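The values are calculated or read from the model by the stated rules, or taken from the named source; none is laboratory data. All values derive from a computational prediction rather than experimental measurement. Note that we place each Cβ from the backbone using ideal geometry, even for glycine, and neighbour counts take in every protein chain shown.
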Amino acid sequence: MKSSIEKLAEKGFLFSALLSASITIFILSFMFLFSLPLFRGGKIVEFLRLGWNPYEGKFGVLPMMVGTVIIASFAILIATPFGIGCSALISVFSQRNFGRFLRKLVEFMTGIPTVVYSFVAIFLLVPLVREIFQKGTGMCVLSASIMLALLILPTIVLFLTDAFNSVPKNYLNAAEALGATPVQKLIYVIIPSAWKGIISGLVLAAGRAVGDTLISLMIAGNALQIPKGLSDAARTLTAHIALIIASDYESPEFKSIFVCGLILFVFTMLIVLALRLLGYFEILRER
Amino acid sequence: MNRLTEYGITIFSWITGIILIGAIGVLLSFLLYKGIPALNPSMIFGETSPLDALLLKKAVVDGLFPAIAGTILLIITSIIWAIPVGVASGIYLAEYCDSKWKPIFNFLLDVLAGIPSILVGLFGFAISIFLHRHLSEHIYPCFLISSLALACLVLPYIIRTTEQSLGNLPFSIKTTGLALGASRLQNILFILIPYNLSSIISGIILAIGRCAEDTAVIMLTGAVAMAGIPTSVLSQYEAIPFYIFYISSDYNSQEELMKGFGASIILLGICVFLFTLSNILKRKVAIRFATHT
Amino acid sequence: MPHTHRKVILMKETKIKIERLNCYYQQKMVLKGCKGAFEENAITTIIGPSGVGKTTFLMVLNRLYELIPNCRVEGKVEIKLNGRYLDIHSLSLPALRKKIGIVFQVPNPLPMSIFKNVAFPLRLSGVKDRKYIKEKVEEVLKDAILWDEVKDRLEDSALKLSGGQQQRLCIARAMITQPDVLLLDEPTSSLDIEAGLKIEELLEGLKKRCTLIIVSHYADLTRRISDHVLTLKDGRFREHGNSS
C-alpha cells in the first residue's frame, strides 16, 4: 500500500476523532452563545433564584431545579436498595439459573424505551397513586420517582453485578474456607472490595435520573411550583426545556432554556469528573 | 453479625428480586393486554389499503404507517452519519492516538456520552435557529437536523465499542500482521477490524436501538404529530416514539388510545430485538476471546 | 546422534552486526553494551535463563520492540542487504519485516483458511498474480514439511490444525516473502517432542536460503542443528562453552 494512502487514512481517522470530540465543545458553545443575552443583562442571579412567571417577567428556574433534585433523589433512594438487593441476589444468593434469569430480565429492561415506561405508567401507576393520595391527578413526584427508579434500576444492577463479580476469587475462596456464609461474604468481602464500582454505578444512575426527560414530562405533572411533598406535581429542568420549545418560538422566555441547557451540561461534566475520580473509566477501558 | 440480621438481609434481597419481577411482569402484561387487540393492519394503514400506502400512492392519515416509515428513515440516515465517523474515531483512539492527547479525547467523549438527550435535542434546535438566521429562511427543525442530532447522540456508543474492542485485543493478534510486514493501515483493515467485526456491529446495533427509541431529541428537532411521509430532508416527519408521547396526552377516543398501546408494543418489540441481538454478538466475542491463546 | 561440539574457527560472511546495543524495558536495562555477529546462512541459537531478554532481543532485530510500551533501544544494529550493511532503522518497517521474518513461541495463525494464511504476506505486498501465489504457497508449505498433510484441505480454517502443524504453517507463512533472516522464539517449546523434531528437521533445510536466529530454552533440542550457540547473560552475548 502506498504511503500516501496511509497518510490520508491516518488524517481521515484523526479528523473523525476531532470532529466527534468537538461536538461536545460545540454543544457547550451554543448553549453559551444563546444564553449570552441573559448573562449580559445581569439577570443570571435572579434567574437562578426566582420562580417562573412569564407574565411578571420572571424567568427563574428555581422550581425546576428543585423539581429535578427532588425527583432524582427519590428515584435514587428507591432504586439503590432495590439495586443492591437484586445484585446480591444475582451474584451471591441465588442458584445459577435463577440468577441468570434475573440478570437476563434486567438486561431486557435496558431495552425498554423510556416512552413506553411512561405511557404504561400513565394508565397503570398514576390512577393507583391518585387513589392512595385521594387528591390530585396522580401525576406527581411520587409517580415520577417510582418510574424513574425503575428506569435506572438496570444501570445500578448491571454495574453492581459486574463489580461483585470482579472481586478477586482468592478473597472469596479465603472467606469460604474460613466458613463464611453467603451473607457474610457479601458484607465483609464483596462490598468493601467493590465499593468503587458500587459508587460508580450509583453516580452513573444519578446522571441518568437527572437527564431523563420523558418520565417527568409525562407523569410528574409539570406544575410551576416548588414541590413540598410527594403528592405535589413538579417540573424538572429537562421537562421544562421540552415544554417551552413545544409552546413558543421566538418569545422572550426562550433564551432561558439555554441556560437550563448550560446547567445540565455543567452537571454532566461534574458527573464525568466524579466517575473519573472513582476510576470508573479505567475499569471500563480495561474490560 | 447475628443470624437474624443475616437472615433479614437474605430475605430482603429475595423480596427486591420478586418485586422487580412482579413489576416488570405487570407492566408487560398490561401492555400486551391493552395493545394486542389493537394489532391489526388498520392500526398501521388506517383506512387506506396497504398496497396503496406502501407504494406511496395515497397518504395514510389515521394509521401508524407514516410514523413507522419516519422512524425507519430516521434510523437509516442517522447511522449513515454515525457509523463512518464513529468507527474512524474509534480506530484513531485505539491505534494512532498519542497517550498525551488521549485523556482530553476521552473526557470530551465521555461528557458527550453522558449528556442528557434533551440537551442534544436542544443543541439540534439551536443549530436550526442558527441556520435559519444565517443561512436560509426556509430552515426549520426538520428531518435533516434530527438525523444529525441523533447521530451525535449515538456516536459515543459506536466510538466506545470500536475503541474498546480494538484496544482489548491480545498482543499476539495486534502484532501478527505487523510482524509479517503489514503497514499499520493494512493491519487495521485486514486483520483487526475483521477480527472484531462482531463487537463493532454490536455497538452499531446498540446505536440503532437508541435511534429507534429516542424521543427527547426528535421532539425538539422536527418530529410532529401529523406530517405524513417526509418528502424532503427539510420537512417535518412523524416517528413512533413521538406518536406514543403525543397520544398519551391528546387522545380523542379509546381507539386512538389503543393505537398508542399497539405502537408501544411495536416499539418495544423493535428495541428488545435490537438490544438482544447486540448482546448476543457481544457474547460471541467474549467466547472467542476465552478460547484464543 | 552423538552430541558434537562445534567450534567455530572461521566465520563466513556476517549477516547481522550488533554494536553497543542497549535496551531498556521499564527503567530496567535488559541489554547492556551488547555486541554480536550472526553468520549468514547459518543457524545461531541463543540460550539463557527465562526473562533474561532473549525474546526482547529478537524483537529489537525486526523493530517489533517499538510496539512494546516503555521499551527503548540505543545502539547500532545492521543487516547486510545486497552486499551493503544497512542500519535497521533506515528501512521502512514493512520492508524490514519482509526481510526479517519472525515465528513466535505460540503459533499465531490468522482466523483464515490455510491457503490465505500462508499467502497473506504476498497480499500485503500487493501481489495479484494468482498462479504465482499458488506456486509460492505450495513451495513454502513443502519447505515447511506441511504440504502433504494439508494439500487436500487448503481452504480449511488454519485454526483447526494441531499445534505442530500450526507452527509449521507460521514458518511457511514467514518464508513466503523470501526473507534473508528468520527469527524463531522458542519454536518448539509449546510442542511435543515429535513435532519439535520435525521442526528441527525443516529448520536445517532452511538454512541454505536464509540466516536463522533461534531463541531456545531447551539447550539440547535445537542445539543439535546449530552452527553457533550464544548465551545471553547480564545483557551480553557470550560464546557458549563446552559445558551444557
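Between B:L220, B:L109, which is at pLDDT below 90, crowded, with 18+ Cβ neighbours inside 10 Å and within 8 Å of another protein chain (Cβ to nearest Cβ)? Just one listed residue meets the conditions, B:L220. Checking the stated criteria, B:L150 turns out not to satisfy the condition of being in a helix (DSSP H, G or I), more than 10 Å from chain A (Cβ to nearest Cβ) and modelled with pLDDT under 90. Among what's in region B:252-282 and is touching a residue at least 40 places away in the same chain (Cβ under 8 Å) and among the polar types (S, T, N, Q), pick the residue that is nearest to the other protein chains (Cβ to nearest Cβ). By that ranking, first place goes to B:S264. Take the conditions (1) at pLDDT 80 or above; (2) within 30 Å of A:L224 (Cα to Cα); A:K135 misses just one of them, which is (1).
Does at least one position in region B:247-256 carry a residue that is at pLDDT below 90 and crowded, with 21+ Cβ neighbours inside 10 Å? Checking region B:247-256: at least one residue is at pLDDT below 90 and crowded, with 21+ Cβ neighbours inside 10 Å. If the condition is being at the interface with another protein chain (Cβ under 7 Å from one of its Cβ atoms) and either outside any helix (DSSP H, G or I) or surrounded by 19 or more Cβ atoms within 10 Å (Cβ to Cβ) (or both), then region B:87-96 contributes B:A88, B:S89, B:I91, B:Y92, B:L93.
Within region A:155-168, is there a residue that is aromatic (F, W, Y) and closer than 18 Å to B:L268 by Cα? The answer is no, given that none of the residues of region A:155-168 is aromatic (F, W, Y) and closer than 18 Å to B:L268 by Cα.
If you scan region B:157-176, which residues turn out to be farther than 20 Å from B:A207 by Cα and of a type in the set (D, E, K, R)? Selection gives B:K174 alone. For A:L48, the conditions (1) touching a helix residue (DSSP H, G or I) at 6+ places or on another chain (Cβ under 7 Å); (2) more than 13 Å from chain B (Cβ to nearest Cβ); (3) at pLDDT 90 or above; (4) surrounded by fewer than 23 Cβ atoms within 10 Å (Cβ to Cβ) all hold with the exception of (3).
When region B:28-59 is limited to residues that are buried (at least 21 other Cβ atoms within 10 Å of the Cβ) and free of Cβ contacts under 8 Å to residues at least 60 places away in the same chain, the one that is nearest to the chain's Cα centre (by Cα) turns out to be B:I44.
Return yes or no: is A:S216 touching a residue at least 60 places away in the same chain (Cβ under 8 Å) and touching a Cys at 6+ places or on another chain (Cβ under 9 Å)?
Criteria not met by A:S216.
Assessment of region B:213-228 against the conditions (assigned by TED's automatic domain parsing to the domain that holds B:A53, touching a Lys or Arg at 6+ places or on another chain (Cβ under 8 Å) and assigned to a helix (DSSP H, G or I)) yields no matching residue. In this structure, does B:D214 turn out to be more than 10 Å from chain A (Cβ to nearest Cβ), out of contact with any Cys (no Cβ under 6 Å at 6 or more places or on another chain), within 30 Å of A:I244 (Cβ to Cβ) and of a type in the set (D, E)? Spelling it out, it is not the case that B:D214 is more than 10 Å from chain A (Cβ to nearest Cβ), out of contact with any Cys (no Cβ under 6 Å at 6 or more places or on another chain), within 30 Å of A:I244 (Cβ to Cβ) and of a type in the set (D, E).
When A:E176, A:E131 are checked against the criterion of being among the acidic types (D, E) and either within 30 Å of the chain's Cα centre (by Cα) or not assigned by TED's automatic domain parsing to the domain that holds A:L217 (or both), a single residue qualifies: A:E131. Listed by first and then second residue, the pairs with beta-carbon distance under 9 Å, at least 6 apart or on different chains, first residue in region B:230-247 and assigned by TED's automatic domain parsing to the domain that holds B:F143 and free of Cβ contacts under 8 Å to residues at least 24 places away in the same chain, second crowded, with 24+ Cβ neighbours inside 10 Å and basic (K, R), are B:I247/B:K259. Filtering C:V73, C:V118, C:V77 for residues that are of a type in the set (A, V, I, L, M) and within 14 Å of chain B (Cβ to nearest Cβ) leaves a single hit, C:V118.
Of the residues in region C:34-46, none is surrounded by fewer than 15 Cβ atoms within 10 Å (Cβ to Cβ) and more than 22 Å from C:E78 (Cβ to Cβ). Taking region C:129-244 and the strands (runs of 3 or more DSSP E) fully enclosed by it, the elements with 1 or more residues that are β-branched (V, I, T), touching a Gly at 6+ places or on another chain (Cβ under 9 Å) and closer than 19 Å to C:L58 by Cα are at C:181-185, C:211-216, C:228-233. Going residue by residue through region C:165-184, is there one that turns out to be more than 29 Å from C:K15 (Cα to Cα) and either of a type outside the set (A, V, I, L, M, F, W, C) or away from chain B (no Cβ under 14 Å) (or both)? Yes; the residues of region C:165-184 include at least one that is more than 29 Å from C:K15 (Cα to Cα) and either of a type outside the set (A, V, I, L, M, F, W, C) or away from chain B (no Cβ under 14 Å) (or both). Look at region C:40-51: where a residue is under 15 Å from C:V181 (Cα atoms) and a partner is modelled with pLDDT of 80 or more and of a type in the set (D, E), sitting 6+ places away or on another chain with Cβ atoms under 7 Å, you get C:E40/C:E13; C:A42/C:D227; C:I43/C:D227; C:T44/C:D227. Does region A:189-201 include one or more residues that are in contact with a strand residue (DSSP E or B) (Cβ under 6 Å, 6 or more places away or on another chain) and in contact (Cβ under 8 Å) with a residue 12 or more places away in the chain? The answer is no; no qualifying residue exists. For region C:80-94, the set of residues classified as of a type outside the set (S, T, N, Q) and either touching a residue at least 12 places away in the same chain (Cβ under 8 Å) or within 14 Å of another protein chain (Cβ to nearest Cβ) (or both) consists of C:K80, C:L81, C:Y85, C:I88, C:H89, C:L91, C:L93, C:P94, listed by residue number. For the structure I just gave you, tell me whether B:Y33 is over 26 Å from A:P154 (Cβ atoms) and within 11 Å of another protein chain (Cβ to nearest Cβ). Spelling it out, it is not the case that B:Y33 is over 26 Å from A:P154 (Cβ atoms) and within 11 Å of another protein chain (Cβ to nearest Cβ). Here is the figure for region B:138-150: residues that are surrounded by fewer than 24 Cβ atoms within 10 Å (Cβ to Cβ) and more than 15 Å from A:I245 (Cα to Cα) total 4. The single condition from (1) surrounded by 19 or more Cβ atoms within 10 Å (Cβ to Cβ); (2) facing another protein chain (nearest Cβ under 7 Å); (3) touching a residue at least 60 places away in the same chain (Cβ under 8 Å) that B:V120 fails is (2). Residues in region B:1-18 that are surrounded by 13 or more Cβ atoms within 10 Å (Cβ to Cβ) and either more than 10 Å from chain A (Cβ to nearest Cβ) or touching a Cys at 6+ places or on another chain (Cβ under 9 Å) (or both): B:S13, B:T16, B:G17. Please go through region B:168-186 and give me each residue that is in a helix (DSSP H, G or I) and not basic (K, R), ordered by number. The answer is B:F171, B:S172, B:I173, B:T175, B:T176, B:G177, B:L178, B:A179, B:L185, B:Q186.
Against the definition (crowded, with 18+ Cβ neighbours inside 10 Å and either more than 14 Å from chain B (Cβ to nearest Cβ) or not small (G, A, S) (or both)), how does C:L124 come out, yes or no? Yes, satisfied.
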